[in-house]
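The values are calculated or read from the model by the stated rules, or taken from the named source; none is laboratory data. Computed from a predicted model, the values in this text were never measured in an experiment. Note that we place each Cβ from the backbone using ideal geometry, even for glycine, and neighbour counts take in every protein chain shown.
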């Protein structure tokens, strides 16, 4: 009976994380991008705050679950199937890169920047595959500049959030 209770708590907690990331995703869609002409598609990546918190506190497997459900649900909100493809390619590459570098005890901000860069590389790679043109990679230097800025923002947000939580709360799941 105790195992069932723990599984229910874990599922509830993972569901809350998905909900938080979806709320942040929706909020982000309402934030105007003043640099849209220079960096089309650039976003803060607010939902990545939840992804990085989950990775640093719960581990890869649970984070993969949260990320996968969030990608699927946010793609339903977003519309075309291309959003799903871009989210999968960017999200999964980002998660693997952040997991790898977090194992080498990089700082939270560094892991976040690596995640942002990986996310954009994954999206540019997917765009190149979709349109069958490798010239999409010429856009990469511009978007990587925004990756550093958004990665720092997400990293500071995660660092601040983790400092406010009791980490044993996460470990008990």
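Observations on the structure shown:
- Within the stretch 127-145, being touching a helix residue (DSSP H, G or I) at 6+ places or on another chain (Cβ under 8 Å), closer than 16 Å to residue 43 by Cβ and touching a residue at least 40 places away in the same chain (Cβ under 8 Å) holds for 127, 143.
- Cβ-Cβ under 6 Å pairs, at least 6 apart or on other chains, the stretch 14-25 side closer than 10 Å to residue 50 by Cα, far side surrounded by fewer than 22 Cβ atoms within 10 Å (Cβ to Cβ): 18/69; 22/73; 24/46
- Residue 158 vs. criteria at pLDDT 90 or above and closer than 22 Å to residue 26 by Cα: yes
- Every listed requirement among (1) within 23 Å of residue 65 (Cβ to Cβ); (2) touching a helix residue (DSSP H, G or I) at 6+ places or on another chain (Cβ under 9 Å) is met by residue 103 save one, (2).
- Annotation: residue 128 fulfils all but one of (1) over 15 Å from residue 51 (Cα atoms); (2) loosely packed, with under 15 Cβ neighbours inside 10 Å; the unmet one is (2).
- Tally of residues being surrounded by fewer than 18 Cβ atoms within 10 Å (Cβ to Cβ) and in contact with a helix residue (DSSP H, G or I) (Cβ under 9 Å, 6 or more places away or on another chain) across the stretch 66-84: 11
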